[in-house]
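For reference, the structure is listed below as structure tokens.
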Amino acid sequence: MSKLNSLILLVKSLSKSEKKALTLYSSQTKEKKLYLTLFDLIDRDLYASEESVIKVFNEKYPNSSVNANAQYLFELILQVIVDLNIKKNTEHEIYYSYLKTKILKERGLYDDSLALINDTKIKAERFGEYNLLLTLQRDELKSDFLDHFDHIQENELFKKQQDIVDSLKIIRQINEQSFLYEMLRFKIEKQKIINSNDSYAYNDLLISETTLVSNLKNEIFQVNCQHQLFQANYFMSVGSYKNALNAYSNLNNLFLENYHLWNNPPVFYFMVLEGILESLFKMELFEEMDKYKNQLLSLAEKYPFTNFISEVNVVVFIYSVKPLMHNKEYKECLDLIKLYKNTPLDKLSTLSPRLFLSLAICLAAIYIMNGNFIEARKQLSPIIQSNTFAKLKLFRAVQLLNLIIYYEMDEKEYVESAVRSIKRNNKKTNKETQIEKLLFHFLNIDWVILPRDKRTSLKRNLRSEIESMNFNIEDIQLMKVFDFSRWMKFKLE
């Protein structure tokens, strides 16, 4: 990805307060700043692309380098975000405090450095930053060593060494648990269904993880959080949905009980709730989703930041639509669009690139299933044409949905050309999936010219192929966005 394209995505991810901070930072000097012009070009164009930005910038400033300004602006935006997060993000604040301890030590202010180390250690332990806690503990001992142990007794030295051993145990515990959770997720993603031959391997993982957690004496938030995630994913995989739901409920309560660990706004908790909604949707526990959607909406009330509110509303909208789409209640989805019209759907510029694409895909899918292909095309065409989002995972689904729209509109030449283009790109990256191959084959069939008996036979074979297909991890990721196999079966009917 080019630096300019990265800059476009970074600008699109900025909140209103971050944009304001960038403007204030730049206003400290009166000289004309071309990088701000570049920022405005990107910010004002919802579908800004490399080509459009370069063209306009070069027309206005033919003697200036767009790449040099893009590089400077990229670094400046990162600096502004870091400065803002130090004030409102506890994790950033703790690491910033650690940097200050190093500066004080370098300047020979050892007493001040040690005092700040002690203060930062307390915060690091409270907020679960155990890797940083270990670094601070080692720095403290190093300072004592350089000071020839002048102000420390043997029992104090032993206590500090024991604290380091305890930190190492916690870090090791978290890592071992992470390894088990990652292995479980790997098996789930690679093998969609657990059969009797695989159950022993899954049960061994469950026993290992439960034993590991039960041996931990300390109440560690990260460990408890990951334990509930492990339990939820395991029970979902073996079809024990009641136990999975119980684990998700425990996970939610764990966050609610540890309010002091939330950032401002609580982005990580937001992502956890989003993950719970996706899991409940997979389990088809649609009624249970209401509880977590309400939890999200309550977050938006407590943290009234424009971008955060928009992102919460988009996620709530998407997970209100998904059950309706699953139940083929397509017209009800249109009613939901009207209901949300003045919330997230009119504020696309405030969304992160991921949710911007997610919403566009969701709206396009609704319009496709309601036969409104012109409106569906409006959602995706600007994204396809700008190509800014080409490196994001969701762009692949956008391309396939766009093909379906043009297929439905009987634009055969466009479909053939677009399929060739996607195939060329897939060949370069070696990433073509089974669902893509099948969809390309389906879109290439000219049903009109086929004799009736051959058409009937081909439909039967395609249905059988779709139903018997074992999708790989790439297919599963695409199908999360839009069920392409279901659409093909729908068309075959």
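The values are calculated or read from the model by the stated rules, or taken from the named source; none is laboratory data. Quick caveat: nothing in here was measured; it's all calculated off a predicted structure. Cβ: placed from backbone, ideal geometry, glycine included. Neighbour counts: every protein chain shown.
Per the listing Ser298, Ser320, the residue uniquely of a type in the set (S, T, N, Q), closer than 22 Å to Ile368 by Cβ and modelled with pLDDT of 90 or more is Ser320.
Inclusion of Gln153 among residues that are at pLDDT 85 or above and under 30 Å from Tyr259 (Cα atoms) is not warranted. Of the residues screened, Ser417 is not one that is within 23 Å of Leu363 (Cβ to Cβ) and of a type in the set (S, T, N, Q). The criterion of being part of a helix (DSSP H, G or I) and touching an Asp or Glu at 6+ places or on another chain (Cβ under 9 Å) does not hold for Leu359.
Looking only at the range 358-405, residues that are buried (at least 21 other Cβ atoms within 10 Å of the Cβ), of a type in the set (Ser, Thr, Tyr) and free of Cβ contacts under 8 Å to residues at least 40 places away in the same chain come to 1 in all.
Out of the residues in the range 118-134 that are surrounded by 15 or more Cβ atoms within 10 Å (Cβ to Cβ) and farther than 18 Å from Ile86 by Cβ, state the one that is nearest to the chain's Cα centre (by Cα). Can you show your working first?
Here is the first cut: in the range 118-134, the ones surrounded by 15 or more Cβ atoms within 10 Å (Cβ to Cβ) are 120-121, 123-125, 127-130, 132-134.
Next cut, farther than 18 Å from Ile86 by Cβ only: 121, 125, 128, 130, 133-134.
Working: Lys121: 30, Glu125: 27, Gly128: 22, Tyr130: 24, Leu133: 27, Leu134: 29 Å.
Residue satisfying both the conditions and the ranking: Gly128.
Taking Val321 as the residue in question, decide whether it is under 16 Å from Met479 (Cα atoms) and part of a helix (DSSP H, G or I). Judged against the criteria, Val321 is a match.
Yes/no per residue for (1) modelled with pLDDT of 90 or more; (2) within 22 Å of Asn472 (Cα to Cα); (3) not polar (S, T, N, Q):
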| residue | (1), (2), (3) |
| --- | --- |
| Leu380 | yes, no, yes |
| Lys393 | no, yes, yes |
| Leu400 | yes, yes, yes |
| Ile404 | yes, yes, yes |
| Ser417 | yes, no, no |
| Ser421 | no, no, no |
| Arg424 | no, yes, yes |
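Applying a threshold of 7 Å to beta carbon distances and a minimum spacing of six or more residues, or different chains, the list of pairs starting in the range 245-264 at a residue that is among the small types (Gly, Ala, Ser) and ending at one that is in a helix (DSSP H, G or I) reads Ala247/Gln228; Ala247/Gln231; Ala247/Ala232; Ala247/Phe235. Scanning the range 14-30 for residues that are modelled with pLDDT under 85 and not in a helix (DSSP H, G or I) returns Ser15, Ser27, Gln28, Thr29, Lys30.
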